[in-house]
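The values are calculated or read from the model by the stated rules, or taken from the named source; none is laboratory data. Only a predicted model underlies this, so the values are computations on that prediction, with no experimental measurement involved. Glycine gets a Cβ as well: all are built from the backbone with ideal geometry, and neighbour counts include every protein chain shown.
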Amino acid sequence: MLAPIAESLRYATLASYTWEQPRLLLLIPLIPLLFGLRWALAQRRRARLGVAFVAGQVRRDWTALLRFVPDVVLALSLAFGVVALARPQRTDERVVQSGEGIDILLLLDVSGSMELQDLRPNRLEAAKRVARGFIDGRAGDRIGLVVFAGDAYSLAPLTTDYDLLRENIESLKLGMIANDGTAIGTALGVATNRLRESRSRTKVCILISDGENTAGSLDPVTAARLAHAYGLKIYTIGLGQDGYVPHFTDAAGQIHYVETRLDETTMRELAQAGDGQFFRATDNESLRRVFQRIDQYEKSEIKQTRYRNTKDYYRIYLLWSVGLWLLWLALKNTFLTNALED
């Protein structure tokens with residue numbers, strides 16, 4: 001019994017409440033002013049009686065302070081009454097999800113050509129930024145990450161731990177795969193192996209690359225058809241412009257260019273074989289719009305129901321107020337009351 005009462009007086013407990021009428025709490029600092037006003041009015045009305053004392057000082061005794069105890073008890077009673085009127089509450093919110101999310105694999109090219117700067121600051125960083133934004137917009141879906149250059153690796157398994165995914169995407173860098181090149185077919189093979197046992201009704205691969213297949217032993221179109229046989233839908237995104245694009249800026253401020261070309265034909269064939277779509281992104285804004293469109297196409301069947309349970313805690317403070325009020329009434333009839341003032 002005493003434990004909940006003591007707990008209700010802790011600052012941490014009071015700070016954890018939400019208040020139905022928080023403005024009423026502003027009355028608590030006014031309570032001492034109320035007693036000050038009472039004392040001032042009593043001074044004006046009090047009749048004065050001249051009393052002569054003997055020479056010398058009257059000895060002070062700490063027991064004289066006991067006459068203030070009833071006023072302190074009354075002030076505490078009023079303060080607890082104000083707290084009760086402000087209605088301290090706690091609200092528990094429970095979210096229940098129903099329906100089914102989808103499984104999505106991001107296949108991201110990290111080959112050397114992703115350092116080209118027709119997208120700012122370069123192709124890889126632009127792709128990473130938009131991929132993080134895509135993850136932020138999903139809820140309830142399992143998302144995984146496959147990276148590829150001359151080889152392909154599953155960097156993050158299908159998961160709803162989006163913080164982990166963001167960390168993995170942030171860690172991507174050029175040269176992280178020693179064997180350079182663009183093994184698109186191998187990347188699709190790794191994605192198929194990852195998703196083929198998934199029980200999700202919708203399985204999606206989003207392939208992001210800026211070049212043509214130059215590595216790996218698996219033909220990309222054959223890999224796409226195999227993926228589709230396992231129920232995977234494939235979206236392909238071709239990054240960058242064709243022709244001469246900025247490569248790097250040297251110490252003298254001179255911009256160096258390199259010629260590049262996207263194998264758009266193969267990328268379209270991959271999307272067609274995977275019953276998806278091909279998109280071309282030549283700058284940051286068009287890349288952002290591509291991900292927005294894919295986000296709209298592939299919607300989860302997740303429904304969220306929120307349950308709110310609000311519990312009042314004013315009763316315990318009302319009991320404190322009434323109990324202290326009764327104590328004050330009792331103290332009024334004891335030696336602690338200053339009869340000359342009353």
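Tell me which residues, restricted to the range 177-197, are part of a loop (DSSP other than H, G, I, E, B) and within 11 Å of D109 (Cα to Cα).
Listed by number, the residues that qualify are I177, D180, G181, T182, A183.
Within the range 246-276, can you find the residues that are assigned to a loop (DSSP other than H, G, I, E, B), touching a strand residue (DSSP E or B) at 6+ places or on another chain (Cβ under 6 Å) and surrounded by fewer than 19 Cβ atoms within 10 Å (Cβ to Cβ)?
The answer is D275, and nothing else.
Mind telling me which of the residues L172, L108 ends up being touching a strand residue (DSSP E or B) at 6+ places or on another chain (Cβ under 8 Å) and in a strand (DSSP E or B)?
On the way: L172 fails: in a strand (DSSP E or B).
Exactly one of L172, L108 is touching a strand residue (DSSP E or B) at 6+ places or on another chain (Cβ under 8 Å) and in a strand (DSSP E or B), namely L108.
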Among the residues of the range 263-271, is there at least one that is modelled with pLDDT of 90 or more and among the polar types (S, T, N, Q)? yes
If I ask for residues that are aliphatic (A, V, I, L, M), touching an Asp or Glu at 6+ places or on another chain (Cβ under 9 Å) and not in a strand (DSSP E or B), which ones from the range 202-221 would you list? A215, V221
Cβ pairs under 8 Å, 6+ apart or interchain, first in the range 63-91 and over 17 Å from I316 (Cα atoms), second of a type in the set (S, T, Y) and at pLDDT 85 or above, ordered by first then second residue, are T91/T18
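Every residue, every condition in (1) assigned by TED's automatic domain parsing to the domain that holds G181; (2) under 22 Å from G181 (Cβ atoms); (3) among the β-branched types (V, I, T), yes or no:
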site	(1), (2), (3)
E259	yes, yes, no
E264	yes, yes, no
Q277	yes, no, no
F291	yes, no, no
Y317	no, no, no
S321	no, no, no
